[in-house]
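Accompanying notes for the structure given below.
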């Protein structure tokens, strides 16, 4: 049964490479280049279109929308809302990355608006962010979570039921929840915390997977598993962050369904 | 005769390194860092100045202007027009990269304005963009062209005559046209399509070459030949996109006139 | 005596890694990713928050503020002033990187305002910029200084006394001055001039050091020594800019107090 699920999850990669989803990203400028490069290596087609006058039409031709609220300019903020409205109109899946929502409470207003006028299929945050969104106190430092995994599954479930969406809480372990279903991924490497953009790249891959795979829960599990296993491969070859970051892109590119099936450590519930 | 032309084209690199042209870039944030780094490795001096209050004066002291319309913010859009006006006033060559013009028709208005009030010496786009600008239907996905080379030479010629400028259409083969003159470059590697920014970097190098070399047609051929041959060298050492991208910068830095003469595959007409 | 000073300077690295300072950066988009990655490798926690509505509160929870005026958008310009006001209110050290101030005189107005309403603890510029700010004529090309070190120490001292802050003028040698104290660092490698962002990264590290170490003069000397020695290590392994840049991040990550003490070449006055 679990092997069947792992089989299904591993197929996400194949579907991405087959359909080459166009992933529209509105994301912070710190890691925008990393997101574009990892999408290409995963097999997707990135488009970083954020001009207010263009987003509505551009989302229409996209396979998925990734919204990362890390360092929004005012134009990006308006564009992200309009893009989500377009996604709702045109039935395009949306992945929300609520970066820094626990450090900057004003970001909550944006998120509320996104749910009210737009659409969100997946919330992907670090554990601190997910806990904060679920109404728990959470331990963050700037944009980084200092949380271990305690309470992550419960908070993800609360959020998933509140918003009727897939929720992913990432950390040492990654928790993915949709209603009663959940998966806990134990792959990955500590070195991911030594580069900027690991979370953003993971979020962008979730959007790519949702753009290519019907089952959004499995799509998100598949995307997170992919970056985690690629990071393990990268760490075998590179023990310092500069080289590791280069190898991470290489290893996503070289990833195979077989590798995912062989290395995946997922507990399903 | 052809060898003489290849000799001349190879000299572009030497001229860039001798004169170290200051290349003013107004470009998208996805690949702005890549453009700056490749300009440095080529031998030019990059300046990514886009503040509306500063561009007019800054273009005046530049050797060339590169305008990439990929993901314009509103301020960038205004700044780009003003920069092109300054380029016209101060006789500075301008390279236009019409990114995504085929996917977002509104970008055409910007391009029209640029020609009307400013100046454009070179249009450098992928084949899909060049075909679209020449009034042909073209096959694009987001910012990427799905075109093979058919019709590229004709469309480039139409555009070149319409606007009296050099036109470069890049793809598996690269087509460079100025009036009756044309060159088709057959160097390069498929791996360039697996990294973001290959087209932007190529455009920035065209601007550097135009800032250092009087004959703009030859300058553009020289710049495109350089990145193509560097990409072949990079691919010898790196078969995955993360490493390839690093090596591409290395190989531009290590490029020599001799290498260009030895490896260049150009058909002239 | 000098060995004691070198000991103290080398301790800056340890303090950064112990306290993991949250470094709030308002910086140009060309090298924002490089700044975030080098801060992580140094041991600090980067936060690239620049939204006008958020900066005041975000500075309050930060350990240091880094302001780089390279390619300010209008929103960044307003945010930087507000951030500096917050830094003054909440007693947070500020490092100013006056990029391109010698090429774009309008930037001087911004700097004046920053001193008037905000706070600056450290001015870190290339020698051309520091000379210009000190009222000397200086030789610059775009954002790059063509100055050798002549007059750098005197100009740094003038600025330091005028503004009562630490001044660092970087070039082939680096000059750090606070009132009567000065240090001249002779480490580093020419290859740093072949990548974009070396100066920005150095500035960001100065902010991290100031966020972790009480003595701001020693903090700045320690940060500059760190990137210089890391660059020497990187150059041993990588002779071209693409690879060098990757290795630079690796070598900052692998840097030790012992390495700094062994390799540091500092003349104190």
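The values are calculated or read from the model by the stated rules, or taken from the named source; none is laboratory data. On a predicted model such as this, the values are computed, not experimentally measured, just so you know. Here the Cβ is made from the backbone with ideal geometry for all residues, glycine too, and neighbour counts use every protein chain on show.
I need a count of the residues in segment B:171-194 that are crowded, with 23+ Cβ neighbours inside 10 Å and part of a loop (DSSP other than H, G, I, E, B). Residues meeting the conditions: 1. Against the list (1) surrounded by fewer than 21 Cβ atoms within 10 Å (Cβ to Cβ); (2) within 13 Å of another protein chain (Cβ to nearest Cβ); (3) touching a helix residue (DSSP H, G or I) at 6+ places or on another chain (Cβ under 7 Å), the condition residue B:14 fails is (2).
Would segment A:62-79 turn up any residue that is within 9 Å of chain B (Cβ to nearest Cβ) and surrounded by fewer than 24 Cβ atoms within 10 Å (Cβ to Cβ)? Scanning segment A:62-79, I find at least one residue that is within 9 Å of chain B (Cβ to nearest Cβ) and surrounded by fewer than 24 Cβ atoms within 10 Å (Cβ to Cβ), so the answer is yes. Note on segment C:143-155: among residues that are in a loop (DSSP other than H, G, I, E, B) and surrounded by 22 or more Cβ atoms within 10 Å (Cβ to Cβ), the one that is nearest to the other protein chains (Cβ to nearest Cβ) is C:143. Within segment B:97-112, being assigned to a helix (DSSP H, G or I) and away from chain A (no Cβ under 14 Å) holds for B:111, B:112.
Just wondering, is there one or more residues in segment B:61-83 that are assigned to a helix (DSSP H, G or I), over 30 Å from residue A:74 (Cα atoms) and in contact with a helix residue (DSSP H, G or I) (Cβ under 8 Å, 6 or more places away or on another chain)? No; the residues of segment B:61-83 include none that is assigned to a helix (DSSP H, G or I), over 30 Å from residue A:74 (Cα atoms) and in contact with a helix residue (DSSP H, G or I) (Cβ under 8 Å, 6 or more places away or on another chain).
Please work out if residue A:128 is in contact with a strand residue (DSSP E or B) (Cβ under 8 Å, 6 or more places away or on another chain), within 14 Å of chain C (Cβ to nearest Cβ) and free of Cβ contacts under 8 Å to residues at least 60 places away in the same chain. Yes.
Return yes when residue C:205 is under 21 Å from residue C:5 (Cβ atoms) and either in a helix (DSSP H, G or I) or in contact (Cβ under 8 Å) with a residue 24 or more places away in the chain (or both) and no when it is not. In short, yes. Of (1) under 14 Å from the mean Cα position of the chain (by Cα); (2) more than 14 Å from chain C (Cβ to nearest Cβ), residue A:178 satisfies all except one. Which? Condition not satisfied by residue A:178: (1).
Taking residue B:41, is it farther than 23 Å from residue A:51 by Cα, within 14 Å of chain C (Cβ to nearest Cβ), in contact (Cβ under 8 Å) with a residue 40 or more places away in the chain and crowded, with 23+ Cβ neighbours inside 10 Å? Yes: the conditions hold for residue B:41.
Within segment C:84-105, the set of residues being closer than 24 Å to residue B:47 by Cβ and out of contact with any helix residue (DSSP H, G or I) (no Cβ under 6 Å at 6 or more places or on another chain) comprises C:96, C:99, C:100, C:103, C:105.
For every residue, the table says whether it meets (1) assigned to a helix (DSSP H, G or I); (2) within 14 Å of another protein chain (Cβ to nearest Cβ); (3) modelled with pLDDT of 95 or more; (4) surrounded by fewer than 21 Cβ atoms within 10 Å (Cβ to Cβ).
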| residue | (1), (2), (3), (4) |
| --- | --- |
| A:9 | yes, no, yes, no |
| A:25 | no, yes, yes, no |
| A:30 | no, yes, yes, no |
| A:34 | yes, yes, yes, no |
| A:50 | no, yes, no, no |
| A:53 | yes, yes, no, yes |
| A:85 | yes, no, yes, yes |
| A:95 | no, no, yes, no |
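Of all residues in segment C:200-217, those satisfying the criterion of being touching a helix residue (DSSP H, G or I) at 6+ places or on another chain (Cβ under 7 Å) and surrounded by 24 or more Cβ atoms within 10 Å (Cβ to Cβ) are C:200, C:201, C:202, C:204, C:205, C:206, C:208, C:209, C:210, C:212, C:213. Of the residues making up segment A:211-269, those that are in a loop (DSSP other than H, G, I, E, B), over 30 Å from residue A:91 (Cβ atoms) and within 14 Å of another protein chain (Cβ to nearest Cβ) are A:238, A:239, A:240, A:256. Taken over segment A:113-127, residues that are under 15 Å from the mean Cα position of the chain (by Cα) and in a helix (DSSP H, G or I) amount to 1. Return yes or no: is residue A:196 within 14 Å of another protein chain (Cβ to nearest Cβ) and touching a helix residue (DSSP H, G or I) at 6+ places or on another chain (Cβ under 7 Å)? Against the criterion (within 14 Å of another protein chain (Cβ to nearest Cβ) and touching a helix residue (DSSP H, G or I) at 6+ places or on another chain (Cβ under 7 Å)), residue A:196 qualifies.
Of all the residues in segment C:211-233, those that are more than 23 Å from residue C:96 (Cα to Cα) and in contact (Cβ under 8 Å) with a residue 40 or more places away in the chain number 1.
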